[in-house]
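Shown next, in structure tokens, is the structure this report addresses.
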Amino acid sequence: MFAKISTFLEKVSVLIKGGGDEKIALRKKSGLLTARERINSLLDKDSFNEMDLFVEQSGKDFGLDKQKLAGDGVVTGFGKIENRPVAVYAQDFTVQGGSLGRMHAAKIIKIMDMASEMGMPIIGINDSGGARIQEGVDSLAGYGEIFIRNTLNSGKIPQLSVILGPCAGGAVYSPALTDFVFMVDQLSHMFVTGPKVIESVLSEKVSSDELGGAKIHNQKAGNAHFYSKSEYDTFIQIRKLLSFLPSSWNTEVPSTKPLPPKKKVKLAGIIPDNSRKSYDVKEVIASLVDASEFFEVQELYARNVVIGFARLNGESIGIIANQPKVKAGCLDVDSSDKAARFVRFCDAFGIPLLTLVDLPGYLPGVEQEHSGIIRHGAKMIYAYAEASVPKISLILRKAFGGGYIAMSSKHLKTDFVFALPTAEVAVMGPESACNIIFAKEIREAENPELMRQQKIEEYKEKFSNPYNPASKGYIDAIIHPDETREKLIQAFEVAKTKAPAHKSHKHGCIPL
Ligand code: HXC
């Protein structure tokens, strides 16, 4: 017995060194963690249980038969975050560059299937040279089988991708199919075609960071959702994110002890009287939510719309808000995509939605029209219309035109639409409206400017208030700013028992 145990321990001690001491030393020199260190830093202490440590590669060509690739270059298993089970895998760059061979893929597929059946989040740590070239179509097959699972598990269990090294070629499509992508400055790189290929095909020189670094994907391309300066910061972000999510689509969203907002900021004091002046909607959020804590998603991308998670009276909610500080909070191509995707994620996982409205409409201009604002804007309307979780909106100030409809209006089956007394609901702003509908009167007036001002005042009197839509039942209640948090808590309580939507057909066709 003892001899067998010592053989076992010997084998384990070799295997857990992955590519061996030399390669690990090289990583340490660059300040990088090993795959197992990453998993252990992410999970609750001592909670990781590894699977398939003894799996061997199946590839035999181009010298692979003479090598032993420990665990086939990926560490997989189960552990806990805040005492809740999660499945996790981390590619081990010290083993053949973390490249994906047939058995490497089989290990990932196994835990994906188990996570799906058992109903828990899966976190994939990507650090790989991509498809293992020596294994040819077998490695491509492996990717395909991961992609189909990413797709079938979508909306069923939360899927998180952490990029902690290269993620190149078709390999990027697994993270792209998951719900949230985390990237670290200088360390994470994602691209379909790398710098060397670009140089040879297009004769353009570009660095990995410029092409697909953490900043590019978080700020510009919109492929990533979280940006951080270090691996450790990323692990903290992941743990925080999971605290707002259920383990699967049909389990309860975790709730916490209710806490009052930290800041004693008065909502009325944040929103300027002059509707042309901007303000930071994140201050509004801080004045409403528990402990004033807002966990923002895609903070650096399409900043004219703010999305993220918070708690209201201890319950998780997803918040979508126009940001008047950026492009006056207008909806454009990117912000419509950002909001639509978030609404669908929250809907899939039973997280109620709070929408804060203050926008002059869709962003006007040739660039937006040519970029497909019609199609992208439609995604957002579709997402809100389809969402069957409790939906509450609060009109803070402007709700003009198509923006009024799209931002969780009553017409899209929003359960409760509230407005502050400062709300203005109209087809468009007073100035533009009067220039169109009173063009003749203004032109022919003795004093055109005076006439214009008179007409603007008339228009404001009629439309720049919440009473007109409230008189038609399009706004359910006009509320005093000081009572906002309480009213929202009560409304979410009422909507909690809302029955989920029943589908009468296979699925709709969202205008992607
Ligand atoms: C097999 C690979 C590999 C791969 C790296 N290695 N990538 N082995 N298949 N795809 C091996 C190297 O041979 C080397 O082995 C070790 O991993 C470390 O690699 P280095 O090149 O020494 O490291 P570094 O200089 O840090 O460069 C890392 C890298 C580079 C940028 C990732 O290796 C690289 O460009 N690799 C190829 C990336 C790529 O084009 N992949 C295919 C994409 S297409 P030794 O034995 O020397 O330690 C694709 C299709 C998927 O993935 C389609 C899915 C649908």
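FYI, it's all coordinate maths here, none of it is from the lab. Predicted model, so just to flag it, every value in this text is computed and none were measured. Neighbour counts run over all protein chains shown; Cβ positions are idealised from the backbone, glycine included.
Over the Cα atoms of the chain, Rg to Rh with Kirkwood Rh, two decimal places?
The Rg/Rh ratio comes out at 1.05.
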In nm, give the distance between the simple-model label positions of Glu37 and Asn250, each being 7 Å from the Cα along the Cα-to-Cβ direction. 4.2 nm
Gain upon complete extension [Arg239, Asn49; 0.36 nm per residue less C-alpha separation]: 66.6 nm
With only helices counted (DSSP H, runs n ≥ 4, each -39500 (n - 2.57)), the per-residue ellipticity at 222 nm for the chain, to the nearest 500, works out to -11000 deg cm²/dmol
Once phi is turned into θ = phi - 60°, what whole-Hz ³J(HN,Hα) does the Karplus curve with 6.51, -1.76 and 1.60 give for every residue of region 503-510, x standing for Gly and Pro? 8, 9, 8, 4, 6, x, 10, 4
Could you line up Glu10, Glu441, Glu446 from fewest to most neighbouring Cβ atoms inside 10 Å? Glu446, Glu10, Glu441
Once Ser203 and Lys29 are pulled to full extension, the length gained, defined as 0.36 nm per residue separation minus their Cα-Cα distance, is 59.3 nm
Fraction of alpha-carbon pairs over 20 Å apart in region 108-225 - percent: 44 percent
At R0 = 22 Å the Cβ-Cβ FRET efficiency linking Leu152 and Ala499, nearest 0.05, sits at 0.30
Filter Lys80/Lys282; Lys266/Lys487; Lys338/Lys487; Lys472/Lys503; Lys391/Lys487; Lys215/Lys262 down to the pairs with a C-alpha to C-alpha distance above 22 Å, please. Lys80/Lys282; Lys338/Lys487; Lys472/Lys503; Lys215/Lys262
Bridge type composition, the chain - antiparallel percent by DSSP, nearest 5: 35 percent
log10 of Debye I(q)/I(0), alpha-carbon scatterers only, for region 295-441 at 0.10, 0.12, 0.14, 0.15 Å⁻¹: -0.32, -0.46, -0.62, -0.71
Taking the alpha-carbon centroid of each part, what is the distance from region 1-70 to region 358-423 in angstrom? 51 Å
Distance in nm between Asp65 and Val265 label points, each 7 Å along Cα→Cβ, equals 6.8 nm
Each label sits 7 Å from Cα toward the beta-carbon; between His507 and Asn447 the label points are separated, in nm, by 6.3 nm
Would you mind getting me the FRET efficiency between Ile437 and Tyr467? Use the beta-carbon distance for r and R0 = 22 Å, nearest 0.05. 0.60
Sequence-distant residues sharing a close amide H with Leu259 (under 5 Å, placed H): Ala291, Asn313, Gly314
Near-label residues of region 79-105 by backbone N, under 15 Å of a point 7 Å along Cα→Cβ of Ala141: 101-105
